[in-house]
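Structure record follows, encoded as structure tokens.
The values are calculated or read from the model by the stated rules, or taken from the named source; none is laboratory data. Bear in mind that the values here come from a model prediction, so they are computed numbers and not experimental data. All Cβ positions, even for glycine, are placed from backbone atoms using ideal geometry, and neighbour counts span all protein chains on display. Each accessible area value is taken on the protein alone, full model and side chains, heavy atoms only, with ligands, DNA and RNA left out. Shrake-Rupley method; radii C 1.70, N 1.55, O 1.52, S 1.80 Å.
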Amino acid sequence: MRIATRFVSRASASSMVVAAALALVGVQAAGQTASAATKEASVVTCTTANTKLTVTEAARPINHLLLKATNTGTKPCFAYSAPYLRAGADAQSVMAWVEESTPQAVVTLEPGQSAYAGILTYSPDGEGGSTEKTLGVFLADKKGNAMDQEKTLNLPNGGVFFNSAAAVTYWQDNAADALTW
């Protein structure tokens, strides 16, 4: 009888240790979930108010520009989708997005970090075209819609030629990926 009692006591003790460990893991997981939710809530959308935008000519590939968005705010921000771009003040539509460039996740910019979008300005396959001096940039919200604040940038070299093949990539976390499309 004594052996059976010892066995039951040890089994009960082991069960209590396992239950305590599982409870601790559950508390930690709940804390991590709450922490992730809190972090998610503290990330804002990248806007023209909290993001500095610049455009430069890319050395390679030819016929490409590089759009850079740098978080100038104090909180991390999400660079959603791709920028909406208008080549020239008289552009009646925005450039197409390069769908193949969609990243696996939304690009998150910590304060001081940058996201990049590659811009194909023209292709021999495109039609028409003109040299433009400015680039209108609208950033996207969480749903992928253009936000109402446009930022107008001066294009390098006093102007850049665009034709109907012009397109822009989704935001990437590095310049090399933005220029592969």
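Per residue, how much accessible area does segment 106-175 have with a 1.4 Å probe, in Å²?
It amounts to 51 Å² per residue over segment 106-175.
With every protein chain left in place and a probe of 1.4 Å, what is the accessible surface of L179, to the nearest 10 Å²?
40 Å²
Can you pull out the GluC sites (Glu not before Pro) in segment 124-162 whose DSSP state is coil and whose Cβ has at most 12 other Cβ atoms within 10 Å?
Numbers: sites: E127, E132, E150; in loops: E127, E150.
Here the sparse-neighbourhood loop sites are E127.
Tell me, what % of the accessible area of segment 29-181 is carbon and sulfur with a 1.4 angstrom probe?
Details: 4180 of 8330 Å².
Answer for segment 29-181: carbon and sulfur cover 50 percent of the accessible area.
How about K75: which lysines have a C-alpha closer than 23 Å to its C-alpha, ignoring those fewer than 8 places off in the same chain?
K75 reaches K39, K52, K142, K143, K151.
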